[in-house]
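S.K.: What follows is a structure written as C-alpha cells; I'll ask about it next.
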Amino acid sequence: MVGVQSIPSPAITADERSHEVDHPSSHVAQFGSEQPLRLDCGVDLSPFQIAYQTYGELNADRSNAILICHALTGDQHVANVHPVTGKPGWWETLVGPGRPLDPNEYFIICSNVIGGCMGSTGPASINPATGKVWGLDFPVITIPDMVRAQAMLIDRLGIDTLFAVVGGSMGGMQVLQWTAAYPSRVFSALAIACSTRHSAQNIAFHELGRQAVMADPDWHHGGYADRGIHPHRGLAVARMAAHITYLSDAALHRKFGRRMQDRELPTFSFDADFQVESYLRYQGSSFVERFDANSYLYLTRAMDYFDIAADHGGVLAKAFAGIQTRFCVVSFTSDWLFPTSESRALVHALNASSARVSFAEIETDRGHDAFLLDVPEFLDISRAFLQSAGKARGLTANNA
C-alpha cells in the first residue's frame, strides 16, 4: 500500500487556545449594553470586549499615539512573546527599541480585531445570551466594524487624535478605513501592501480556504466547540493555500527549489518528499494551534466585503475629499496578492483629493509577506516617514 502522511493534530489543546478567547493575556476594554457596537449588518453587538497591548508611554499632550492594525492571522501581540505559541511578536522588525516604531518615542497600541480569537469578541467567544460559544450565531462583521470598535477603544484610552495608524494587508485596509471614516483623528497613515478593495482573485482564494474549513467533518456547521473538537485539518489546508499567496515563485525557488526533505530519493508515496511540502504542512499544523476556524471564515469575509469607493458613489477620490492626513503608501514588486497597480490606484485617488501622499515600490522577491520581514529599504522608508510626520506634529525625542 502507498504510504500517506496527513496533517498532524495540533500540539496545543482546544482548552489552552480557548482560554485566550475570553480571558486574554493582555489588556481588555469591556463595553456594556449601554455602549453597543453598531455593525454594518444592522446588529447592535453588546456587550463586547477588545483585547489590546500597549508599548511605551503616552506623552503629556497625548500626541504620540500610534495604532497598529494587524493582518488576517495576526493579533495584538505585535512586539511581545505570544501567550499561546511562545514565539516572538509578529512585527519585531518594525516595533521595538531602535526600530522605526520605537516605544521610547511613541505610545504604541495594537488591538485584536472584532471577530478575532485572541480576546476580542468573536465567533469563538461566549455568547452571554446563551452561555455557549457564539459560533455561526455571531453576526457577520466588516472592516468598518473593526475600525468602529478600535475608535471606541481609542476613546476609552482618552486619545482624541492618533499620530499615526499603521498596518499591512488587512491591517492596511483598516488604516485606509480609519482615514476615510475618521479623517480628523488621524495625523498620518502608513498603508502597506494593501488595497481599497479586494480583487476577484483574492475573493476566490478566500473562498477556497473557507470551503476547506467547511468540508472538514469536524466543523459541524460551525458548532465544533460544543463538541470539544476543532476542524484542524480543514483550517490547516486553508492556511497552506493562503500561505502560498503570501510568497513569490522566486522566493519559493530560492528557499526550497526541488530539494528533498531528509532524503536523497523519492519514497514513491504521498509523504512529504519535497522540502516545500514539509514547509507548507508545518505552516498549516502550527497555525491551527493558535487560530479559530470560524474566526478565519469571518475575517476573510470581512476582507472580501471591503470596498471604500462603494460608500462614495464608486468614486475613490471622494472617500478622501479634503483630508489633511499625511499618507505613505508602500508596495512590493513581487507581491501578487496586492500588486503595485492597486497601490498606484490609491495614490492617484489621494492625489485627486489633494492629499499629502508619498509612495514607494520596493524591489524584493519576498512577496506579500515582505512587510513582515527584515527588508531594510522598507524599514528606512517607514522610519523617515514617521520622523517627518513627527516634526510636522511637533514631537520631540522621547516625547516626554
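The values are calculated or read from the model by the stated rules, or taken from the named source; none is laboratory data. Predicted model, so just to flag it, every value in this text is computed and none were measured. Quick reminder, even Gly has a Cβ in these numbers, built from the backbone with ideal geometry, and neighbours come from all protein chains shown. In case anyone asks, the SASA skips ligands and DNA or RNA and just uses the protein heavy atoms, side chains included. Shrake-Rupley method; radii C 1.70, N 1.55, O 1.52, S 1.80 Å.
S.K.: How do the peptides 107-115, 267-275 rank, highest first, by the average count of neighbouring beta carbon atoms within 10 Å per residue?
M.R.: Top of the packing list down: 107-115, 267-275.
S.K.: Using 7 Å Cα-to-Cβ label points, what is the residue 155/residue 256 separation (nm, one decimal)?
M.R.: With each label placed 7 Å out from Cα toward Cβ, I get 4.7 nm.
S.K.: Between the DSSP loop rule and a limit of at most 13 other Cβ atoms within 10 Å, which chymotrypsin sites (Phe, Trp or Tyr not before Pro) in region 305-364 are left?
M.R.: Filter output for region 305-364: empty list.
S.K.: Further, regarding this structure: Pop out the carbon and sulfur fraction of the accessible area of the chain as a percent, whole number, probe 1.4 Å. Mind dumping the intermediate values first?
M.R.: Values: 8740 of 16810 Å².
Result for the chain: 52 percent of the exposed heavy-atom area is carbon or sulfur.
S.K.: At a probe size of 1.4 Å, how large is the accessible area of residue 214, to the nearest 10 Å²?
M.R.: Surface open to solvent at residue 214 totals about 70 Å².
S.K.: I would also like to ask the following. Find which of 274, 246, 297 sits farthest along the positive direction of the dipole of region 202-300, computed with +1 on the beta-carbon of Lys and Arg, -1 on that of Asp and Glu, about the Cα centre.
M.R.: After comparing all options, I get 246.
S.K.: Taking the chain as a Gaussian network, Cα atoms linked when under 10 Å apart, which of 22, 61, 249 shows the biggest mean-square fluctuation?
M.R.: Maximum among the listed residues: 61.
S.K.: Here's a follow-up. Out of all DSSP beta bridges with both ends in region 23-121, state the antiparallel percent to the nearest 5.
M.R.: Taking every DSSP beta bridge within region 23-121, about 70 percent pair in antiparallel fashion.
S.K.: Let me ask you something else. Taking the alpha-carbon centroid of each part, what is the distance from region 297-338 to region 91-111 in angstrom?
M.R.: 24 Å
S.K.: Counting only helical runs of four or more DSSP H residues, what would the 222 nm mean residue ellipticity of the chain come to if each run contributes -39,500 (n - 2.57) and the total is spread over all its residues?
M.R.: -10500 deg cm²/dmol
S.K.: Using a Gaussian network model on the chain with a 10 Å cutoff between Cα atoms, which of 309, 124, 370 fluctuates the most?
M.R.: Comparing 309, 124, 370 in the GNM, the peak value goes to 309.
S.K.: Solvent-accessible area per residue for region 90-129 at a 1.4 Å probe radius, Å²?
M.R.: Computed with neighbouring chains in place, this is 25 Å² per residue.
S.K.: Let me ask something else about it. If the only charges are +1 at each Lys and Arg Cβ and -1 at each Asp and Glu Cβ, what is the size of the charge dipole of region 202-300 around the Cα centre, to the nearest 20 debye?
M.R.: Roughly 260 debye for region 202-300.
S.K.: Further question: Using every pair of alpha-carbon atoms in region 53-123, split the distances into 5 Å bins beginning at 0 and state the percent of pairs per bin, rounded to integers.
M.R.: 4, 17, 25, 24, 16, 9, 4, 0
S.K.: Could you size up the charge dipole of region 227-283 around its Cα centre, putting +1 on the beta carbon of Lys and Arg and -1 on that of Asp and Glu, and report it in debye to the nearest 20? Let's see the in-between values first.
M.R.: Details: 9 positive and 6 negative charges, 50 e Å.
Dipole of region 227-283, to the nearest 20 debye: 240 debye.
S.K.: Sticking with this one: What fraction of the DSSP beta bridges in the chain is antiparallel, stated in percent and rounded to the nearest 5?
M.R.: Taking every DSSP beta bridge with both residues in the chain, the antiparallel ones total about 35 percent.
S.K.: If you don't mind, another one. Considering only 53, 316, 126, whose Cα is most displaced toward the positive end of the charge dipole of the chain, charges sitting on Cβ of Lys, Arg (+1) and Asp, Glu (-1)?
M.R.: Result: 316, furthest along the dipole toward the positive end.
S.K.: Name the shape class, rounded, prolate or oblate, that the alpha-carbon gyration tensor gives for region 78-186, where a ≥ b ≥ c are the square roots of its eigenvalues, rounded holds for a/c under 1.5, and otherwise prolate holds if a/b is larger than b/c and oblate otherwise.
M.R.: On the way: a/c = 2.13, a/b = 1.33, b/c = 1.60.
The shape class here is oblate.
S.K.: Further question on the same structure: Where Lys and Arg each count +1 and Asp and Glu each count -1, what net charge lies around residue 57 among other residues with Cβ under 15 Å from its Cβ?
M.R.: On the way: positive: 62; negative: 61, 102, 105.
Every neighbour counted, the sum reads -2.
S.K.: Connecting C-alpha atoms closer than 10 Å in a GNM of the chain, tell me which of 89, 171, 367 has the biggest fluctuation.
M.R.: Ranking 89, 171, 367 by mean-square fluctuation puts 89 first.
S.K.: Would you mind working out the magnitude of the charge dipole of the chain relative to its Cα centre, with +1 at each Lys and Arg C-beta and -1 at each Asp and Glu C-beta, to the nearest 20 Debye?
M.R.: Dipole size: approximately 580 debye.
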